[in-house]
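Structure, as C-alpha cells:
The values are calculated or read from the model by the stated rules, or taken from the named source; none is laboratory data. Remember, it's a predicted structure, so these values are computed and weren't measured experimentally. Note that each Cβ is placed from the backbone with ideal geometry, even for glycine, and that neighbours are counted across all protein chains shown. Ligands, DNA and RNA are stripped out before the accessible areas are found, and what is left, the full protein with its side chains, is counted by its heavy atoms. Shrake-Rupley method; radii C 1.70, N 1.55, O 1.52, S 1.80 Å.
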Amino acid sequence: VGVPWYVDTRLLFYRKDLLEKYGKEVPTTWAEMTATAQEIMDGERAAGNPDMWGFVFQGNAYEGLTCNALEWVNSYGGGQIIEADGTISINNENAVAALEEAASWIGTISPEGNLAYMEEESRGVWQLGNAVFMRNWPYAFALGEGDDSAVKGKFAVAPLPAGEGPEARSAATL
C-alpha cells in the first residue's frame with residue numbers, strides 16, 4: 001500500500017498580488033491569460049522591473065513540452081492526436097489554433113530562453129518574482145512558499161485555462 005507524495009497535475013500559478021494591483025481576475029482562457037500577462041508585464045517593466053515576464057512554462061523539447069502541447073491542443077478541442085478507434089485527429093483547425101497561440105508567447109510574454117526551460121528553469125524565474133504566471137507541477141507550491149522565495153505569500157494556483165471555441169475546456173496531463 002502506498003500513498004503518493006504529490007498528485008502530479010499541471011497548475012497555473014499566478015501572482016495574486018499583481019492581479020489585485022492591476023484589478024484583474026484569474027484568467028479562465030489562454031487568450032485572457034495572454035492579455036493579462038502582457039498588461040501586467042508591461043506595467044511592471046515600466047515601474048522598474050525589466051526582468052518581469054508574463055508567462056513561463058516548460059518549453060524545452062522533452063516530456064514537459066509534450067505534456068504542455070497535449071494540454072493546449074485538448075483545451076482547444078483539438079482532439080487526442082490518435083483517437084480510441086485509431087483515427088488520427090490532430091490535423092484540425094482547433095489544434096492549429098492552440099499551437100499558434102502557444103508559439104505567439106515566445107518573445108512576447110515569454111522570454112526567448114523559455115524554449116530551453118524545463119521545470120526548474122521556469123520555477124527559477126517565477127520564484128525570483130519575475131513572472132506573472134507559471135505553468136508547473138504541484139511541488140513548486142511548497143518551494144514557492146519557502147523562506148528564500150521572493151513570491152512567498154504572493155501567489156495562488158488555478159486550473160489551466162481553456163482554449164477558445166465551442167469545444168474549449170481546461171485540460172491537464174497527469
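So what's the Cα pair-distance distribution over the range 98-174, bin width 10 Å, in %?
Distribution as computed: 16, 45, 32, 6, 0 percent.
What is the packing order of peptides 135-147, 64-76, taking the mean over residues of other C-beta atoms within 10 Å and listing the highest first?
Highest mean packing first, the order is 64-76, 135-147.
For the range 75-142, what is the per residue volume of the convex hull drawn over the alpha-carbon atoms, in cubic angstrom?
Per-residue hull volume (Cα only) is 121 Å³.
How large is the Kirkwood hydrodynamic radius of the range 1-85, counting all unique pairs of alpha carbons, in Å?
Hydrodynamic radius (Kirkwood, Cα only) of the range 1-85 equals 15.5 Å.
Ignoring solvent entirely, what values of log10 I(q)/I(0) come out of the Debye formula for the chain at 0.08 Å⁻¹ when each Cα is a single scatterer?
-0.24
What is the packing order of peptides 15-25, 81-91, 102-112, taking the mean over residues of other C-beta atoms within 10 Å and listing the highest first?
Packing order, densest peptide first, comes out as 102-112, 15-25, 81-91.
How much area per residue is accessible in the range 1-76 when the probe is 1.4 Å and only protein heavy atoms are counted (Å²)?
Heavy-atom SASA per residue in the range 1-76 reads 50 Å².
Once each part is reduced to its C-alpha centroid, what is the distance from the range 25-66 to the range 82-109 in angstrom?
When both Cα centres are located, 19 Å separates them.
Could you sort the peptides 51-61, 157-167 by per-residue average Cβ neighbour count (10 Å cutoff), highest mean leading? Can you show the working numbers first?
Values: 51-61: 21.5, 157-167: 17.5.
Highest-to-lowest ranking by the protection proxy: 51-61, 157-167.
When we measure straight from the Cα of Lys152, which aspartates and glutamates land under 19 angstrom away, once same-chain ones fewer than 8 places off are left out?
Cα-Cα hits under 19 Å: Asp17, Glu20, Glu44, Asp51, Glu119, Glu120, Glu121.
If I model a spin label at Thr173 and Leu143 as a point 7 Å from the Cα along the Cα→Cβ vector, what separation in nanometres do I get?
Taking the two extended label points, one gets 1.8 nm.
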